[in-house]
Structure formats: structure tokens, C-alpha cells
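Only one structure is covered here, and it is reproduced in the block below.
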Amino acid sequence: MLKIYAIPVSLYCAKLRILLRHKNLQWQEIAPPGGYGSDEYKLTIPSGNLPALMDGDLVLADSEAIAEYLNEKHPNPPMLPTDLNLRAKTRELSRFHDTRLEPDLRVLFPHIVADNRDQNLVNIQSKKISDRLGQLATLIVENTGNELTLADCGYPISFAWIDALAPHMGLKIDWPEPVLSYRKKIKNHAAIAAELSDYVPILKSRLQS
Ligand SMILES: N[C@@H](CCC(=O)N[C@@H](CS)C(=O)NCC(=O)O)C(=O)O
């Protein structure tokens with residue numbers, strides 16, 4: 001069985017679980033030895049990245065590298081389009097989540113607790129996240145039908161975080177219409193619905209801790 005190093009609240013571990021669910025793969029989750037960010041974990045995964053996958057002799061970190069690997073090893077259902085250009089655009093969309101939208105969201109995590117909050121920074125990030133959503137609207141890949149792609153695994157989790165943080169810290173987010181339509185289109189996939197139903201309560205309890 002596949003083993004993954006994961007912690008429940010990690011956004012990128014949830015992203016990976018959407019793919020595992022969609023591919024109907026069985027997996028076992030293991031907490032990082034020594035805990036999140038520990039030197040002990042870095043003996044196994046030098047970058048300290050969560051998630052990481054262990055499949056036989058292969059040890060692989062980074063959700064995107066893991067997703068590409070699993071999609072090649074378990075090609076059905078396929079999660080990249082057959083058309084070359086659409087495949088490239090799908091990868092671009094997927095990278096945009098990991099390198100642009102989510103990093104701007106993550107800046108807010110140290111400000112979840114009101115006592116530590118810099119409201120000026122929160123307002124700056126509100127604008128940055130809205131700008132990212134505007135950029136995302138131009139990147140959404142049309143013509144991939146209703147099939148779930150690799151690019152669709154990260155966004156539902158970040159969208160759930162934006163929804164939860166908005167009332168919690170007063171974010172003012174502009175959701176462009178194409179992003180709302182995209183969100184609506186992907187949310188009913190069984191893999192996304194199942195992951196969100198497990199993940200959102202964990203996310204909400206993180207806000208209260
Ligand atoms: N690009 C990475 C990002 C993963 C990431 O940032 N994971 C966080 C947990 S959600 C993490 O590993 N933090 C610990 C660290 O970076 O040392 C991926 O897709 O796997």
C-alpha cells in the first residue's frame with residue numbers, strides 16, 4: 001500500500017488526498033517522525049516537505065511531483081488531457097496554485113490568532129489574493145470537459161481556506177465570475193466533495209485553536 005507522510009491540517013496533503021481518492025488508490029498516512037518541521041523528519045525527507053510519498057523503494061516529496069508520478073503509474077482515470085497544448089495549460093494552472101495563489105494565502109497563517117494579527121498586512125494580502133484570483137480567471141483551462149485534472153486538486157482546499165479566513169480576519173475578496181464557475185464545476189466531483197467534508201472541520205478547528 002502507498003504510504004504518505006502527512007498531517008491532517010496540511011493543505012498540500014489534502015491536495016494529494018483528492019488525487020488518491022480520484023484514482024481510487026489505498027494509502028496509509030504516517031505522521032512525520034519527530035513532528036512537523038523536525039530534524040528527525042529531515043533525515044528521511046531532507047527538504048522537510050509535507051506531503052511525501054513512499055512507494056516501495058521510491059521516496060518522493062512535493063505534491064506536484066507525486067501527482068505526476070501517480071498519474072503515470074496509475075493512468076486511469078487520466079488526470080491530464082491528451083492534447084499537448086491543453087496538457088501544458090493544465091500544468092501551468094496547477095503550478096499557479098502552488099507558486100502564486102497559495103503562497104499569498106499562507107502569509108496569513110501566522111495572523112490567525114487575533115493577538116498576533118497585523119491588520120495592515122491582512123488588508124494587503126486581501127488585495128493580493130483578489131489579484132491572484134483575477135489572474136487565475138485568465139488561466140482556467142476550458143475544453144477539458146468534466147474530467148478532473150491534476151490542476152483541480154489544490155484549488156478547492158485553498159478556496160476553502162479563503163472562505164474560512166474571510167470572516168475570521170476580515171478579508172475582502174473579489175471572486176471573478178470565471179473562478180466562481182470553475183469552483184462550482186469541480187466541487188461536485190466525488191473526490192473533492194469527500195476530501196472537503198473531512199478537511200473543512202479540521203480547518204475550522206485550526207482557526208479556533
Ligand atoms: N510545493 C510543496 C509545498 C508543500 C508545503 O509547503 N507543505 C508544508 C505543509 S502544508 C510544509 O511542508 N511545511 C514544512 C516545511 O516546508 O518545512 C508541495 O507541493 O508539496
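No lab work stands behind these numbers, since they all come straight from the coordinates. For clarity, every value in this text was computed on a predicted model and none was experimentally measured. Methodologically, a virtual Cβ is constructed for each residue, glycine included, from the backbone with ideal geometry; neighbour enumeration extends over all protein chains shown.
In the chain, which whole DSSP H runs stretch at least 27 Å along their own axis (Cα) and average -0.5 or higher on the Kyte-Doolittle scale? Walk me through the numbers on the way to the answer.
Details: long enough: 119-139 (30 Å, -0.28); 190-208 (28 Å, 0.44).
In the chain, the long hydrophobic H runs are 119-139, 190-208.
The stretch between Ser205 and Trp175, if pulled fully straight at 0.36 nm per residue, gains 8.3 nm over its current Cα-Cα span.
DSSP beta bridges in region 1-135, what fraction antiparallel, as a percent rounded to 5? If we restrict to bridges inside region 1-135, about 65 percent are antiparallel. Extension gain for Leu25 to Asn120 (0.36 nm times residue separation, less C-alpha to C-alpha distance): 29.8 nm.
For a quick check of your reading of the filter: which chymotrypsin sites (Phe, Trp or Tyr not before Pro) in region 1-98 sit in a DSSP loop and have no more than 13 other Cβ atoms within 10 Å? Passing sites in region 1-98 are Tyr36. Reported to the nearest whole Å, the Cα centre-to-centre distance from region 110-169 to region 1-50 is 22. Pairs from the table (Lys89/Lys127; Lys73/Lys128; Lys3/Lys172) lying more than 31 angstrom apart at Cα are Lys73/Lys128; Lys3/Lys172. When you restrict to C-alpha pairs under 8 Å that are six or more residues apart and normalise by the size of the chain, the relative contact order lands at 24 percent.
A run of the chain free of exposed loop cleavage sites, with GluC sites (Glu not before Pro) counted only in DSSP states other than H, G, I, E and B and at most 15 other beta carbons within 10 Å, reaches its longest extent at 1-141. Taking Ile140, Ile124, Ile112 as the candidate residues, the one with maximal mean-square fluctuation in a Gaussian network model of the chain, Cα springs under 10 Å, is Ile124.
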